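The structure appears right after this line, and notes come after that.
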Amino acid sequence: MIELKNIHKFYNAGSVNEMCLFDDFSLTIAEGEFVSIVGSNGSGKTSLLNIICGSIDVDRGQILINGEDITRKKDYLRHRNIGRVYQDPAKGTCGHMTILENMALADNKGKPYHLGRSVKKSRVEYYRELLAPLNLGLEDKMETQVGSLSGGQRQAVALLMATMTPIEMLILDEHTAALDPKTAEIIMELTDRIVRQKHLTTMMVTHNLRYAVEYGDRILMMHQGNTIMDRSGEEKRNLAVDDIMGVFNEISVECGN
């Protein structure tokens with residue numbers, strides 16, 4: 001379970017450029033819940049992910065994961081239990097290293113470092129078994145540098161790497177936005193399969209409203225640091241893209257656009 005309690009975050013506090021990002025913001029996400037998050041630019045979507053991951057500190061409030069207060073915990077310590085996939089496929093992989101080396105690196109996440117071989121031969125077949133269901137031929141390109149792969153292939157590898165070790169939650173930051181439509185569909189299907197199989201608590205920020213409607217158990221719409229729509233269960237299943245667009249249009253009118 002993820003709990004954000006009374007989060008306050010201001011930029012340039014006390015100056016003429018002061019900006020309120022979150023003011024007494026609270027949110028609870030149940031264990032195993034897959035939440036899609038939508039909203040206009042500047043609504044606080046990615047900032048919310050960054051606060052949970054520790055990339056942004058909060059001024060006041062608490063962040064708890066499964067009851068543990070991680071508000072002041074360093075980001076690299078949080079990432080032992082959090083997998084994150086970024087919009088840019090290059091951010092989740094090492095381009096100059098091979099697929100095999102990348103997967104071996106991810107396989108050792110959270111483990112103590114010591115002198116020894118970075119790639120264990122006993123794990124190579126396991127990596128092949130992970131790659132084969134993608135139907136991208138990557139299991140036959142284990143010695144290929146990741147930097148030479150297509151964006152979709154690289155994002156698929158990044159997604160596998162983010163979820164290889166036991167994690168408590170998965171953070172998806174517009175992870176299909178840089179992909180062509182066909183490849184984006186493959187990545188979304190892979191995402192849904194991994195989330196269901198591993199029962200991962202998942203937060204997915206997306207600008208693709210169809211994905212937000214079709215995938216996940218719950219949908220949130222954010223605006224100016226607040227949640228203005230929160231649908232789950234039957235309400236989520238009955239939601240259509242046009243319903244979300246209607247709310248976007250109302251916001252646009254209120255903002256004078």
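Observations on the structure shown:
- Selection from the stretch 169-189 of residues that are among the hydrophobic types (A, V, I, L, M, F, W, C), under 15 Å from residue 49 (Cβ atoms) and buried (at least 21 other Cβ atoms within 10 Å of the Cβ): 169, 170, 171, 172
- Filter pass, residue 17 being open to solvent by 30 Å² or more (accessible area, probe 1.4 Å) and either within 18 Å of residue 173 (Cα to Cα) or modelled with pLDDT of 90 or more (or both): no
To keep it simple, each residue is scored yes or no on (1) under 25 Å from residue 108 (Cβ atoms); (2) crowded, with 18+ Cβ neighbours inside 10 Å.
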{"position": "147", "(1), (2)": "yes, no"}
{"position": "150", "(1), (2)": "no, no"}
{"position": "155", "(1), (2)": "yes, yes"}
{"position": "158", "(1), (2)": "yes, yes"}
{"position": "163", "(1), (2)": "yes, yes"}
{"position": "167", "(1), (2)": "yes, yes"}
{"position": "199", "(1), (2)": "yes, no"}
{"position": "224", "(1), (2)": "no, no"}
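- Test: residue 236 is crowded, with 16+ Cβ neighbours inside 10 Å, within 27 Å of residue 67 (Cβ to Cβ) and over 19 Å from the mean Cα position of the chain (by Cα): yes
- Restricting the search to strands (runs of 3 or more DSSP E) fully inside the stretch 20-106 and requiring at least 3 residues that are under 30 Å from residue 248 (Cβ atoms) gives 34-39, 82-85.
- Scope the stretch 117-147; condition among the small types (Gly, Ala, Ser) and more than 24 Å from the chain's Cα centre (by Cα); matching residues: 118, 122, 137
- Search result, residues across the stretch 63-102 that are over 23 Å from residue 157 (Cβ atoms), open to solvent by less than 70 Å² (accessible area, probe 1.4 Å) and free of Cβ contacts under 8 Å to residues at least 60 places away in the same chain: 70, 71, 73, 77
- Cβ separations smaller than 6 Å between residues 6+ apart or across chains give the following pairs from the stretch 182-197 residues that are without any contact (Cβ under 8 Å) to a residue 60 or more places away in the chain to residues that are small (Gly, Ala, Ser): 183/152.
- The residues of the stretch 1-32 that are within 22 Å of residue 218 (Cβ to Cβ) and touching a Lys or Arg at 6+ places or on another chain (Cβ under 6 Å), listed by number, are 22, 26.
- Single match in 173, 242, 230, 217 (criterion: free of Cβ contacts under 8 Å to residues at least 24 places away in the same chain, closer than 30 Å to residue 9 by Cβ and not hydrophobic (A, V, I, L, M, F, W, C)): 230
- Qualifying residues in the stretch 106-134 (those that are polar (S, T, N, Q) and surrounded by 11 or more Cβ atoms within 10 Å (Cβ to Cβ)) - the one modelled with the highest pLDDT: 108
- Any chance residue 193 is open to solvent by 60 Å² or more (accessible area, probe 1.4 Å) and outside any strand (DSSP E or B): yes
- Some residue of the stretch 28-39 being open to solvent by less than 50 Å² (accessible area, probe 1.4 Å), acidic (Asp, Glu) and either within 22 Å of residue 165 (Cβ to Cβ) or modelled with pLDDT of 90 or more (or both): yes
The values are calculated or read from the model by the stated rules, or taken from the named source; none is laboratory data. Predicted, not measured: the structure shown is a model, and the values here were computed from it. All Cβ positions, even for glycine, are placed from backbone atoms using ideal geometry, and neighbour counts span all protein chains on display. Ligands, DNA and RNA are stripped out before the accessible areas are found, and what is left, the full protein with its side chains, is counted by its heavy atoms. Shrake-Rupley method; radii C 1.70, N 1.55, O 1.52, S 1.80 Å.
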